[in-house]
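K.L.:
Here it is, the structure, as structure tokens.
The values are calculated or read from the model by the stated rules, or taken from the named source; none is laboratory data. Keep in mind the model is a prediction, meaning the values are calculated, not measured. All Cβ positions, even for glycine, are placed from backbone atoms using ideal geometry, and neighbour counts span all protein chains on display. Accessible surface areas use protein heavy atoms only, side chains included; no ligands, DNA or RNA. Shrake-Rupley method; radii C 1.70, N 1.55, O 1.52, S 1.80 Å.
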Amino acid sequence: MLSFLLIFMGSYGLILYTLQTFIYRKIKLIYKFIYQTKASKREEFYYKNILPQKSIDEVREDVESWAEQRKEEIEMLQQNEAYRKEFLQNLSHELKTPIFAIQGYVDTLLNGALDNTDVNKKFLQSTSRNVDRLVNLVDDLDEITKLEMGEQLLFKDSFVVQELLKEVYESLSIMADEKEIRCLIKKGCELPLSVFADKEKIRQVLINLVDNSIKYGKQNGTIESSFYKVDGATVLVEISDDGAGISEEHLHRIFERFYRTDLARSRKIGGSGLGLSICKHIIEAHGQTIHVRSKIDVGSTFGFTLQSRKD
Ligand code: ADP
């Protein structure tokens, strides 16, 4: 009886031990796949001492959380891939238009138009306009890449935002005059407001917004800027025009790189489609926000916040 009991217990223990070793060897293999790295001393210790104490349920949880993490990684990679493809597609499209135009003008000039005094200067001017467009595109791309890589440092300082806007109005006055557009500061918003920001970067934002308001504004229209102290810490700047406006379907996408409405796509106006995206990057780098309100044929208002001057 005793020997039977001993043999039974001995075999039970042996079978249990073999089974456990077998199962944990398999589980260890799974962990090795999950972690992918060569086991360090610490991991070896983990495999030897901690892992065997884990219940199958705990192991399942570990594997599930690993699978979830991987799924997210894969989704992100797929998104990035789609983003990259779209970016390249847009970029080549943007480059093609001016390059083909330049090619066309240069070919026509070489094929005889150079000696035709009626057209040669006009063709050269068109070539030059397209070269400018290429240069602008490359500059904008350069800027956006630096902003996206976080390479652009902000040099913050205090300045009166209305003064900066007046300078921007002045620098774009020739463009505005051509369309007989009046550039104003809204009544009641003249009280100087000091902000704490990178002045040159904010100048760039204002130039882009006012430039757009002129480009998409109507002949003889008005651009009005307003400035409000939202609370002790924030100033709101708004640039409004009474131009073409943007329809609702486009509104939520216009801050995306290269995004343009149909109107701008008609190519008569419009730049690289990077302007608003650059504005968004600059404002967000300041920890602030930018937004738009617009209605077709009524006009658009672009607004952004800035930090009030530090006292
Ligand atoms: P673009 O270089 O084409 O002007 P932006 O990024 O500055 O590119 O603007 C993106 C698009 O948003 C423009 O192509 C235009 O369709 C639309 N948009 C921007 N500002 C205005 C505005 N003030 N009025 C109407 N449409 C605008």
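K.L.:
Output the residues belonging to the stretch 195-209 that are more than 9 Å from the ligand (Cβ to nearest atom) and under 12 Å from Leu172 (Cβ atoms).
P.N.:
Arg203, Leu206, Ile207 - these are the residues of the stretch 195-209 that are more than 9 Å from the ligand (Cβ to nearest atom) and under 12 Å from Leu172 (Cβ atoms).
K.L.:
Do we find that Arg253 is within 13 Å of the ligand (Cβ to nearest atom) and not small (Gly, Ala, Ser) in this structure?
P.N.:
yes
K.L.:
Another question, then. Among (1) buried (at least 21 other Cβ atoms within 10 Å of the Cβ); (2) at pLDDT 95 or above; (3) away from the ligand (no atom under 11 Å from the Cβ), which single condition is Ile239 missing?
P.N.:
Only one criterion is unmet by Ile239, namely (3).
A quick yes/no check of all residues on (1) open to solvent by 90 Å² or more (accessible area, probe 1.4 Å); (2) more than 16 Å from the ligand (Cβ to nearest atom); (3) in a helix (DSSP H, G or I):
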residue	(1), (2), (3)
Ala101	no, yes, yes
Thr108	no, yes, yes
Arg129	yes, no, yes
Leu137	no, no, yes
Leu147	no, no, yes
Leu153	yes, yes, no
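K.L.:
Taking the stretch 214-236 only, how many residues are modelled with pLDDT under 95 and open to solvent by less than 20 Å² (accessible area, probe 1.4 Å)?
P.N.:
Selection size over the stretch 214-236: 1.
K.L.:
Among the listed residues Leu251, Leu276, identify the single one that is touching a Phe, Trp or Tyr at 6+ places or on another chain (Cβ under 6 Å), buried (at least 16 other Cβ atoms within 10 Å of the Cβ) and of a type outside the set (D, E, K, R). Steps first, answer last, please.
P.N.:
Values: Leu251 fails: touching a Phe, Trp or Tyr at 6+ places or on another chain (Cβ under 6 Å).
Selected residue: Leu276, the only one of Leu251, Leu276 that is touching a Phe, Trp or Tyr at 6+ places or on another chain (Cβ under 6 Å), buried (at least 16 other Cβ atoms within 10 Å of the Cβ) and of a type outside the set (D, E, K, R).
K.L.:
Against the conditions (1) touching a strand residue (DSSP E or B) at 6+ places or on another chain (Cβ under 6 Å); (2) part of a helix (DSSP H, G or I); (3) loosely packed, with under 13 Cβ neighbours inside 10 Å, where does Leu165 fall short? Just the number, please.
P.N.:
Answer for Leu165: the failing condition is (3).
K.L.:
Another one. Return the pair list, or none, for Cβ contacts closer than 8 Å from residues in the stretch 139-154 that are farther than 15 Å from Ile283 by Cβ to residues that are not aliphatic (A, V, I, L, M), at least 6 apart or on different chains.
P.N.:
What qualifies is Asp140/Gly271; Asp140/Ser272; Asp140/Gly275; Leu141/Ser272; Lys146/Gln152.
K.L.:
Does Asn90 satisfy being in a helix (DSSP H, G or I) and surrounded by 14 or more Cβ atoms within 10 Å (Cβ to Cβ)?
P.N.:
The answer is yes for Asn90.
K.L.:
For the stretch 179-199, does any single residue satisfy the condition of being acidic (Asp, Glu), at pLDDT below 95 and open to solvent by 90 Å² or more (accessible area, probe 1.4 Å)?
P.N.:
So far as the stretch 179-199 goes, yes, one or more of its residues are acidic (Asp, Glu), at pLDDT below 95 and open to solvent by 90 Å² or more (accessible area, probe 1.4 Å).
K.L.:
In the stretch 11-25, which residues are β-branched (Val, Ile, Thr) and open to solvent by 100 Å² or more (accessible area, probe 1.4 Å)?
P.N.:
Ile15
K.L.:
Same structure, new question: Could you list, ordered by first residue, the pairs with Cβ atoms under 6 Å in which the first is in the stretch 197-219 and closer than 26 Å to Ala233 by Cβ and in contact (Cβ under 8 Å) with a residue 12 or more places away in the chain and the second is within 15 Å of the ligand (Cβ to nearest atom) and in a helix (DSSP H, G or I), at least 6 apart or interchain?
P.N.:
Close Cβ pairs satisfying both conditions: Lys201/Ile282; Val205/Cys279; Val205/Ile282; Leu206/Val168; Ile207/Val168; Asn208/Gly275; Asn208/Cys279; Val210/Val168.
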